[in-house]
Amino acid sequence: MNKENLSLLCDFYEYTMANGYLESGMEDRKVCFDMFFRNVPDGGGFAIMAGLEQAIERIENMHFEEEDIEYFRSKGVFSERFLEYLRKFRFSGDVYAVPEGTPIFPMEPIVTVVAPAPQAQMLETLLLMTINHQSLIATKANRIVRAADGRGVAEFGSRRAQGSEAAILGARAAYIGGCVGTACTLSDERFGVPASGTMAHSWVLMFDSELEAFRQYCRLYPDNAVLLVDTYDALGRGVPDAITAFKEAGITKGGIRLDSGDLAFLTRRARAMLDEAGLPGIKIVASNSLDEYIIKDLIEQGACIDSFGVGDRLITSHSNPVFGGVYKLAAVEENGQIVPKIKISNNVSKITIPGYKKVYRLYGKADGRALADLVCLADEEIDQSKPLTIFDPDAPWKKKTLTDFTVRPLQVKVFEGGKKVYRCPPLGKVREYCAEQIGTLWEEVKRFSNPQTYYVDLSDRLWKMKRSMLDNGGLYRPE
């Protein structure tokens, strides 16, 4: 079997449901599923869309080998007709998605799948695991990058990642979120995420003295000498030995790294020692279980740090390790008509938004700031020449009327009739686009704690339809 075929990396019930649809005569019934998420990780004001390129690749590659068919047959619950369906399977539906690097907000569709019921159902786990993971890491990385306030952040977490794909794709997502590079060599080879590294304490311990370890490293890597100075005594031996090694090698542009201790105190003292030695071009790198809050505190305490290496708390999103995206049925085609569907729950946050939809982002015409997102039915257009009233999602009585604004649809068409129609931009362009789009958000939305809630409203038609369906126990009664 092709080891890259991840078609069976799927919740088993998706196949039992797909089999059931087939056996119930729903093989060709078109449905609409939405992927969305309910809460921003870490209580932040926004998340970042990532993972679409890998989702596209996996949808394109979704197929079943003979050994897969035999596996399904061995379970004793699937019909021979369904096994033949899998043997000939190719995705034939439409997919719309928010481009990677776009700031996204709770409850709005970030991926919409319109396809025959069995096909749409079988995409659930594939889409969720791919986009949930990378969106989580891109979002966390961006928080850390913003905390660093212009100082470079490198992703150093491969050894703490939960598996190889988490390390490789996590580094990719971190780069989208704004990291300058990674320690993961394979992410550099596969995606072009710049790989870099310094040395470990083992390098220093391999030599008879710390000074000899530093001298040899400077001889080998004169253009990229970053010396780890805290193996024994950072200020008493490490920094002085690094200064000696740099001067002997004639290196004026390099760095030292501190991986333990009071980083605010140590970096201030180290900076003074380097400057007194006439080495202002030697930069200071800090690592050691950092996150956005520690980095922010270090900067406020006057730490002299030029860049950061961040590992486990980034690659695992340690403080909030689940993105929480879900995939829900929103509409079904019956007799040529689109019939909206809604999930009702005693938990208000789990009530879905019915219907085949699209999302618009509204920007201030004068300053280009993102003002709100509007979720509409698929056939709705926004008239920019007329005032538009939107409501605060947490306080509907608070309304805002927009006048001078521009509009753009958030989703792009990715598949049409099973054929890929979207060309994924190079990763560097995605990273640039991400930074540009975050720049359109108000600073209040970007706060780490208690951010201003960004407006995500429903159009009047969609709101009335949802309200009517709630009043009628989930049933759709067209006017």
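Only the coordinates and a few stated rules stand behind these numbers; no lab work does. Bear in mind the structure is a predicted one, so any value in this text is a computation, not a measurement. Every residue, glycine as well, gets a Cβ built from its backbone with ideal geometry; the counts of neighbours run over all protein chains shown.
Of note:
- Among 171-184, 444-457, sorting by the average number of other beta carbon atoms lying within 10 angstrom of each residue, highest first, gives 171-184, 444-457.
- The Rg/Rh ratio for region 74-230 is 1.16, where Rg is the radius of gyration of the alpha carbons and Rh is the Kirkwood radius.
- In terms of surrounding Cβ atoms within a 10 Å radius of their Cβ, F405, F91 rank from fewest to most as F405, F91.
- In summary, the lysines within cross-link reach of K247, defined as a Cα separation below 20 angstrom excluding same-chain residues under 8 places away, comprise K283.
- Region 45-119 and region 246-301: distance between their alpha carbon centers, rounded to Å: 47 Å
- Residues in region 323-336 carry Karplus couplings, in order, of 7, x, x, 10, 9, 10, 5, 10, 6, 9, 8, 10, 6, x Hz; the curve used is 6.51 cos²θ - 1.76 cosθ + 1.60 with θ = phi - 60°, and Gly or Pro positions show x.
- 22 Å Cα-Cα threshold exceeded, pairs from K75/K341; K328/K398; K398/K466; K399/K464; K399/K466: K75/K341; K328/K398
- Pairwise Cα distances in the chain exceed 33 Å in 47 percent of cases.
- Helical segments meeting 20 Å axial Cα length and Kyte-Doolittle -0.5 threshold in the chain (DSSP H): 124-148
- Annotation: lysines with alpha-carbon distance below 27 angstrom to K429 (same-chain offsets under eight excluded): K140, K358, K365, K413, K419, K420, K446.
- Simple spin-label estimate for T16 and L83 in nanometres, 7 Å along Cα-Cβ: 1.9 nm
- Using a simple spin-label model with pseudo-atoms 7 Å out from Cα toward Cβ, E189 and T244 lie 3.9 nm apart.
- The string of couplings for region 277-290 from the Karplus curve (6.51, -1.76, 1.60, θ = phi - 60°) is 7, x, 10, x, x, 7, 8, 10, 10, 10, 9, 3, 6, 8 Hz, one whole number per residue in order, with x for Gly and Pro.
- Sequence of D367, D297 once ranked by neighbouring C-beta atoms within 10 Å, starting from the fewest: D367, D297
- Dividing the mean sequence gap of close Cα pairs (under 8 Å, 6+ apart) by how many residues the chain holds gives a relative contact order of 20 percent.
- Gyration tensor analysis over the Cα atoms of region 198-288 returns equivalent ellipsoid semi-axes of 17, 16, 11 Å (largest first, whole Å).
- When shorter helices are ignored and each DSSP H run of at least 4 residues is given -39500 (n - 2.57), the per-residue value for the chain at 222 nm works out to -10500 deg cm²/dmol.
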